[in-house]
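**Student:** The structure's right below; bear with me while I get my questions together.
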Amino acid sequence: MATYAATTREAYQKAAILTASQEQLIVLLYDGAHRFLSQAAIAMRDGEIEMSHQRLRRAEAIINHLRASLDFDRGGTLSVRLQAIYLFCGRHLNEARLHRDPERVEQVDELLGQLREAWAHVAKLAGA
């Protein structure tokens, strides 16, 4: 049975998603990727291979969604560059998994964190 706090948190999260602009949704995706990448790096350090794999898969799904949602007609060169970054992230996470290297996971997390901050700025300007 869900607690009141958990139910309230879930309701707030659903409302935030349903009322978010496109730019804010992208920021939320980056936030999710950060959460899963952080959990993956911790699990990898703790030797929890299955947990790290599951968390990496969740982060990779978000990165793949971000890549699939690129609009090359409207985004032009920016979309091409973002695609290259997302592809790099995917390859780097595969290497991290193969070598059980949490530092590579953290490098991807840092790179996506920089993109997240840029999108947060865009979302703020769009909402102004």
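The values are calculated or read from the model by the stated rules, or taken from the named source; none is laboratory data. Just so it is clear, the structure is predicted and the values come from calculations on it, not from any experiment. Every residue, glycine as well, gets a Cβ built from its backbone with ideal geometry; the counts of neighbours run over all protein chains shown.
**Student:** Tell me which residues, restricted to region 76-123, are assigned to a helix (DSSP H, G or I), among the basic types (Lys, Arg) and in contact (Cβ under 8 Å) with a residue 12 or more places away in the chain. Quick ask: steps written out before the conclusion?
**Tutor:** We begin by selecting, within region 76-123, every residue assigned to a helix (DSSP H, G or I); these are 76-99, 102-123.
Narrowing the set further to residues that are among the basic types (Lys, Arg) leaves 81, 91, 97, 104, 116.
Once the filter is applied, which keeps residues that are assigned to a helix (DSSP H, G or I), among the basic types (Lys, Arg) and in contact (Cβ under 8 Å) with a residue 12 or more places away in the chain, region 76-123 yields Arg97, Arg104, Arg116.
**Student:** For region 11-24, state whether one or more residues are at pLDDT below 75, of a type in the set (Ser, Thr, Tyr), over 20 Å from Phe88 (Cβ atoms) and exposed (fewer than 13 other Cβ atoms within 10 Å of the Cβ). Working first, answer last.
**Tutor:** Initially, region 11-24 is screened for residues at pLDDT below 75, giving 11-20.
Filter again for of a type in the set (Ser, Thr, Tyr), leaving 12, 19.
Next cut, over 20 Å from Phe88 (Cβ atoms) only: 12, 19.
Keeping just the survivors that are exposed (fewer than 13 other Cβ atoms within 10 Å of the Cβ) gives 12, 19.
So far as region 11-24 goes, yes, one or more of its residues are at pLDDT below 75, of a type in the set (Ser, Thr, Tyr), over 20 Å from Phe88 (Cβ atoms) and exposed (fewer than 13 other Cβ atoms within 10 Å of the Cβ).
**Student:** Can I ask one more? Counting only residues that are at pLDDT 95 or above and of a type in the set (Gly, Ala, Ser), how many does region 85-128 have?
**Tutor:** Total satisfying the criteria: 5.
Per-residue answers, yes or no, for (1) at negative phi; (2) surrounded by 12 or more Cβ atoms within 10 Å (Cβ to Cβ):
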{"residue": "Leu29", "(1), (2)": "yes, yes"}
{"residue": "Gly47", "(1), (2)": "no, no"}
{"residue": "Met51", "(1), (2)": "yes, yes"}
{"residue": "Leu56", "(1), (2)": "yes, yes"}
{"residue": "Ala59", "(1), (2)": "yes, yes"}
{"residue": "Asp71", "(1), (2)": "yes, no"}
{"residue": "Gly75", "(1), (2)": "yes, yes"}
{"residue": "His92", "(1), (2)": "yes, yes"}
{"residue": "Arg104", "(1), (2)": "yes, yes"}
